[in-house]
Amino acid sequence: MVTRLVLILGDQLSPDVAALQAADRDNDIVVMAEVMDEATYVRHHPKKIAFLFAAMRKFARELASNGWRIAYTRLDDPDNAGSIPGELLRRAAEFRAREVLATRPGEWRLIRLLEEMPIPVRQFADDRFLCSEAEFRSWAQGRKVLRMEHFYREMRRKTGLLMEGGEPAGGKWNFDYENRKPAPEEVGHGGPLRFPPDETVGEVLDLVAARFGSNFGSLRPFAFATDRGEARRALEHFVTHALPYFGDYQDAMLAGNRFLYHSVISPYLNAGLLDPLEVCLAAEAAWKAGTAPINAVEGFIRQIIGWREFVRGIYFLEGPDYPRRNALHHTARLPALYWGAETRMRCVASAIEQTREEAYAHHIQRLMVTGNFALLAGVDPHEVHEWYLAVYSDAYEWVEAPNTVGMSQFADGGVVGSKPYVSSGAYIDRMSDYCGGCAYDVKAKTGESACPFNLLYWHFLHRHRARFEGNPRMAQMYRTWDRMDDGRRSAVLQGAERVLGRLSRGEVV
Ligand code: FAD
Ligand code: DLZ
Ligand code: SF4
């Protein structure tokens, strides 16, 4: 029989991934490669690179112990061709293979590269999701607007999760009105399970320190799970200790607590170490056993079978130009503070410091602190997109781009969200303890000490009035702006111009 190559990418570390299902264990060769092209298409956080390389090495070992023949290339192998296509060609020559089996990558860039290969590459649909690309397309067809909530209900019906005889458990599809409480005084959970580096991880950490040590981000201490057994333990730890409070404090932020009751499982889900259905069943089981309330479990499951599947559907539906969209024509450069330069804004400094140290920030920090600020400051959404793609350990374009370009920057003109996620400092003050220790005054609306979010918020609404004033969900904001007297309005706009000027000159804000 003719030997074929079976490509497994760094975020395809699942034993039942489509290309493996289609392969023949006795004749085919599994190809895995640590390559500079993938490690440098953005300047990834060193923790992200280390997590993937360590997880790839362990997964290759697991496949080998299950009888697969593996051709694994390490980053420092002298023959390393430096790219996925290069490695496939090198291995094809080595094993006289004439065909490649691949699972469709999660990024248009790599899909195109595989399509352009001089040897045939069969790309199989990635079925590690609950909704296929084709299914999403047919759900979207004929709908004027695509809204996650409608899609989510379909996914509940399809999976049967939290369903009781065709009806949603607890009588409602969505329990969000019980969630979103402000930051608690104390958090009775110590955060995600941490895994001390073993020998494999230690080797990878040395490699990453030597090759990517100057990238933004602290490599050590490194405590991610790097195989499925560990990832499952991390999931169990979350379900037992944090899930019961997940809903209540999902949107809260605390300067002294980086994880609150979040699961921190996105790196594992996205790399294939955990399966989305397995995760949701574990959460549902906690509700059935009476150890976690419905508002928490429903909220958590919605993030996974709702948002996660929805944004993936959007990414593939909208096509390769999506990350380049710029509906609001924003052109400012990403301020240096995103790469750790000084800022007096405590909320932003705190989110970025933890991003540097953990390669993690939770959803509201990403959306309402760093994302909100970039949007208010009119930053080019492509620069924002590249930043998010680089700095988070869970970031791959299929999930990152719709969240950043769409949900956070409104650069898709309203495909993902019906209105831009902008807020003044009041929202951040309500949901966090950041403002108390900040150099700015969150209550001040004008003047040198005014919180920059307060100034830029009105500037944003003012400069985009033509686009947003007809949006019913924003009418109240414009009414409030219009009620202000002229003097106050011009003081706000001047203050905002002052902040924008400082940002553009690279001065501290
Ligand atoms: P939890 O709060 O515990 O939620 C549970 C799970 O739900 C997550 O692990 C994740 O798999 C899923 N989930 C929750 N919200 C979303 C969402 N909006 N989209 C997709 N899945 C979701 N998520 C990524 O996985 N990769 C990214 O690159 C990414 N980039 C983002 C960029 C921006 C600007 C924003 C606003 C959000 C982004 N998200 C991204 C979504 C979300 O912030 C992360 O999934 C979440 O913070 C991961 O932390 P967690 O595992 O503790 O999540
Ligand atoms: C993110 C990443 C990195 C840093 N390195 C590798 C690598 O060396 N080899 C590999 O196969 N995959 C890597 N990845 C993940 C890919 O970039 C990812 O598969 C694509 O972006 C598609 O989601
Ligand atoms: Fe952030 Fe403004 Fe609060 Fe400071 S005052 S922490 S800048 S919201």
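For this structure, a couple of remarks:
- In the stretch 404-423, the residues that are within 16 Å of ligand 3 (Cβ to nearest atom), of a type in the set (Gly, Ala, Ser) and surrounded by 22 or more Cβ atoms within 10 Å (Cβ to Cβ): none
- So ALA401, is it in contact (Cβ under 8 Å) with a residue 40 or more places away in the chain, part of a loop (DSSP other than H, G, I, E, B), hydrophobic (A, V, I, L, M, F, W, C) and more than 16 Å from ligand 3 (Cβ to nearest atom): no
- Looking across the stretch 75-103, just one residue is in contact with a helix residue (DSSP H, G or I) (Cβ under 8 Å, 6 or more places away or on another chain) and without any contact (Cβ under 8 Å) to a residue 24 or more places away in the chain, and that is ASP79.
- Boolean, ALA390 is away from ligand 1 (no atom under 11 Å from the Cβ) and of a type in the set (A, V, I, L, M, F, W, C): no
- Condition check for ALA411: outside any loop (DSSP other than H, G, I, E, B), within 13 Å of ligand 1 (Cβ to nearest atom) and either modelled with pLDDT of 95 or more or not hydroxyl-bearing (Ser, Thr, Tyr) (or both): no
- Residue within the stretch 361-382 that is within 16 Å of ligand 2 (Cβ to nearest atom), outside any helix (DSSP H, G or I) and on the phi > 0 side of the Ramachandran plot present: no
- Residue list for the stretch 435-454, restricted to those being in contact (Cβ under 8 Å) with a residue 24 or more places away in the chain and within 10 Å of ligand 3 (Cβ to nearest atom): CYS435, GLY437, CYS438, ALA439, TYR440, ALA450, CYS451, PRO452, PHE453, ASN454
- Residues (surrounded by 12 or more Cβ atoms within 10 Å (Cβ to Cβ), assigned to a helix (DSSP H, G or I) and either over 31 Å from the mean Cα position of the chain (by Cα) or outside the structural domain of SER449 (by TED's automatic domain parsing) (or both)) located in the stretch 459-495: TYR478, TRP481, ARG488, ARG489, SER490, ALA491, VAL492, LEU493, GLN494, GLY495
- The listed residue being among the aromatic types (Phe, Trp, Tyr), surrounded by fewer than 20 Cβ atoms within 10 Å (Cβ to Cβ) and within 16 Å of ligand 2 (Cβ to nearest atom), out of PHE222, PHE195, PHE216: PHE216
- Segments classed as helices (runs of 4 or more DSSP H), wholly inside the stretch 186-298, with at least 1 members that are in contact (Cβ under 8 Å) with a residue 12 or more places away in the chain and not assigned by TED's automatic domain parsing to the domain that holds GLU164: 199-212
- Scope the stretch 54-83; condition buried (at least 21 other Cβ atoms within 10 Å of the Cβ) and either farther than 23 Å from ALA23 by Cα or within 16 Å of ligand 3 (Cβ to nearest atom) (or both); matching residues: ALA54
- Across the stretch 118-157, the number of residues qualifying as hydroxyl-bearing (Ser, Thr, Tyr) and assigned to a loop (DSSP other than H, G, I, E, B) comes to 1.
Each row is one residue, and each column tells you yes or no for (1) near ligand 1 (Cβ under 9 Å from one of its atoms); (2) within 30 Å of MET163 (Cα to Cα); (3) of a type in the set (Ser, Thr, Tyr).
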| position | (1), (2), (3) |
| --- | --- |
| ILE294 | no, yes, no |
| ILE304 | yes, yes, no |
| GLU309 | yes, yes, no |
| LEU328 | no, no, no |
| GLU357 | no, no, no |
| HIS363 | yes, yes, no |
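- When the stretch 336-355 is limited to residues that are within 11 Å of ligand 3 (Cβ to nearest atom) and not in a helix (DSSP H, G or I), the one that is surrounded by the most Cβ atoms within 10 Å (Cβ to Cβ) turns out to be MET345.
The values are calculated or read from the model by the stated rules, or taken from the named source; none is laboratory data. Fair warning: this is a prediction, and the values are worked out from it, not measured in the lab. Reconstructed Cβ throughout: ideal geometry from the backbone, glycine too, with neighbour counts over all protein chains shown.
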